[in-house]
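The values are calculated or read from the model by the stated rules, or taken from the named source; none is laboratory data. The structure displayed is predicted, hence computed values, not measured ones. Every residue, glycine among them, receives a Cβ derived from its backbone with ideal geometry; neighbour counts consider all protein chains shown.
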Amino acid sequence: MSLKIKNWISGLPEYVAGRTLEEIKKEYGIAEVYKMASNENLYGLPPGLAERISEDIGDIYYYPDSSCLEIKEKLSRFYGIGQDKIVVGCGSDQIIEMICDSFTGPGDNIVTSDPTFPIYEKSALKCGGESRKVPLKGFRQDTGRLLEAVDENTKVLFLTNPHNPTGTNITRDELDTVLDRLDRSILLVIDEAYFEYCPREDRLETTDFLAGRDNLMLLRTFSKIYGLAGLRIGYGLGSGEAVDAINKVRLPFNVNSMAQKAAVYALDYAGHAEEICEKVNRQKQVYYNALDENNIEYVRSYANFLLISTGKREMEIVEELLRNGFIVRPGTNLGFPGYIRVTIATDEVNKRFLDVFTGIYRDIYKQGR
Ligand SMILES: *Cc1c(COP(=O)(O)O)cnc(C)c1O
């Protein structure tokens, strides 16, 4: 007998979790392993934040605040946006999921890029919807063709800025065109998980676009520059109509109380986040220089990670990096065979990584094994 699991699920590949740090240390007999695979802030938590969070642990026998009031008040002041235009989720992943829950069903579609962050498609499929995917053009989202792909069944257009896994950006002109041409009955979601990593002069202050426009929602997160990936909290800003709908489908306690507290404190560290942004952007220059010297190609990034060319021997290089204690994401898993995606780490680790990586690259291609 087999159970009557929904058809679309049997068509999905199985989720393969990465090996844990402990497993890798044991397997390769190495003491230090650097996880540079998931774009966390590898400088760690802002100073003092861990202590503040730990003071609240005694309260966890209570259910969390279902309405996330404290964090919404703080975000409302931080951005000068009404609380009725803010929704909080268990990571921005969950907000993507709840957007699809609210907007897409059988016969509906979302429009997005290919490759891109996989959660958009997954969330649409889960609701019986479809995902229309427009290939990237020169590693960038092709806003013209994305607009062309929108049809009468499209409910949501997903953009990612900066984009994952390429790190490329969307320009002001491109965004203006999308906002101008997209039918106002279609929700435009801009996933800005890496917003705070974008160099200041290149940042699009998208919150300025929210006024007088109810079909735009921005997604931001505490997982990346604020260092709270393990607690799971992100938020959406914008469309009051979408926020109302999401609040109806949302489970009552979707954001845990420690995450809510930590996020409230984390917003006090916006200045610290700017420093991290500057550090990471200086470190990217260190990567560019080392890669240029070795004639290794890469994509210029506006985020805290880099897509680096490995050539055909991607998997051998990934394995050799692991042996040396560096975990990176193989591009094959991200729709970019022949590349790896590497999270910018601390200065010391980046230096070691670059030495090891360029050494492996030279060895593998020189020997022509
Ligand atoms: C990391 C990331 C997110 C954020 O996920 P959380 O659920 O908030 O941790 C969202 N979108 C993209 C493109 C990301 O890379």
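For segment 123-137, which residues satisfy the criterion of being within 16 Å of the ligand (Cβ to nearest atom) and within 21 Å of Gly167 (Cα to Cα)? Of everything in segment 123-137, those that are within 16 Å of the ligand (Cβ to nearest atom) and within 21 Å of Gly167 (Cα to Cα) turn out to be Lys133, Leu136.
Which residue, of Thr116, Thr104, is modelled with pLDDT of 95 or more, in contact with a Cys (Cβ under 9 Å, 6 or more places away or on another chain) and not small (Gly, Ala, Ser)?
On the way: Thr116 fails: in contact with a Cys (Cβ under 9 Å, 6 or more places away or on another chain).
So the residue among Thr116, Thr104 that is modelled with pLDDT of 95 or more, in contact with a Cys (Cβ under 9 Å, 6 or more places away or on another chain) and not small (Gly, Ala, Ser) is Thr104.
Regarding Gly44, is this residue exposed (fewer than 12 other Cβ atoms within 10 Å of the Cβ) and either assigned to a loop (DSSP other than H, G, I, E, B) or not hydroxyl-bearing (Ser, Thr, Tyr) (or both)? When the stated conditions are applied, Gly44 does not pass them.
Kindly evaluate Ser67 against the criterion of being touching a helix residue (DSSP H, G or I) at 6+ places or on another chain (Cβ under 8 Å) and either surrounded by fewer than 20 Cβ atoms within 10 Å (Cβ to Cβ) or on the phi > 0 side of the Ramachandran plot (or both).
Working: touching a helix residue (DSSP H, G or I) at 6+ places or on another chain (Cβ under 8 Å): no; either surrounded by fewer than 20 Cβ atoms within 10 Å (Cβ to Cβ) or on the phi > 0 side of the Ramachandran plot (or both): yes.
No.
Output yes when any residue across segment 240-261 is in a loop (DSSP other than H, G, I, E, B), polar (S, T, N, Q) and more than 18 Å from Glu70 (Cα to Cα), and no when none is. Within segment 240-261, not a single residue is in a loop (DSSP other than H, G, I, E, B), polar (S, T, N, Q) and more than 18 Å from Glu70 (Cα to Cα). Return a yes/no flag: does segment 285-302 have any residue that is touching an Asp or Glu at 6+ places or on another chain (Cβ under 8 Å), part of a loop (DSSP other than H, G, I, E, B) and not small (Gly, Ala, Ser). Yes, the conditions are met somewhere in segment 285-302. Restricting Ile317, Ile360 to those that are closer than 27 Å to Val16 by Cα, crowded, with 18+ Cβ neighbours inside 10 Å, out of contact with any strand residue (DSSP E or B) (no Cβ under 9 Å at 6 or more places or on another chain) and touching a residue at least 40 places away in the same chain (Cβ under 8 Å) reduces the list to Ile360. Could you list, in sequence order, all residues of segment 138-158 that are free of Cβ contacts under 8 Å to residues at least 40 places away in the same chain and either within 16 Å of the ligand (Cβ to nearest atom) or not charged (D, E, K, R) (or both)? Gly138, Arg140, Gln141, Thr143, Gly144, Leu146, Leu147, Ala149, Val150 - these are the residues of segment 138-158 that are free of Cβ contacts under 8 Å to residues at least 40 places away in the same chain and either within 16 Å of the ligand (Cβ to nearest atom) or not charged (D, E, K, R) (or both). If I filter segment 1-35 down to residues being within 16 Å of the ligand (Cβ to nearest atom) and out of contact with any Leu (no Cβ under 7 Å at 6 or more places or on another chain), which single residue comes out as farthest from Cys277 (Cα to Cα)? Here the residue is Tyr15. Number of residues in segment 53-109 that are within 16 Å of the ligand (Cβ to nearest atom) and assigned to a helix (DSSP H, G or I) equals 13. Might you check whether a residue that is of a type in the set (Ser, Thr, Tyr), on the phi < 0 side of the Ramachandran plot and in contact with a Ser or Thr (Cβ under 8 Å, 6 or more places away or on another chain) occurs anywhere in segment 49-57? No, the conditions are met nowhere in segment 49-57. Can you name every residue in segment 207-224 that is of a type in the set (A, V, I, L, M, F, W, C), buried (at least 17 other Cβ atoms within 10 Å of the Cβ) and more than 11 Å from the ligand (Cβ to nearest atom)? Listed by number, the residues that qualify are Phe209, Leu210, Leu216, Met217, Leu218. The single residue among Leu204, Leu228 that is away from the ligand (no atom under 11 Å from the Cβ), in a loop (DSSP other than H, G, I, E, B), assigned by TED's automatic domain parsing to the domain that holds Val178 and closer than 26 Å to Gln283 by Cβ turns out to be Leu204.
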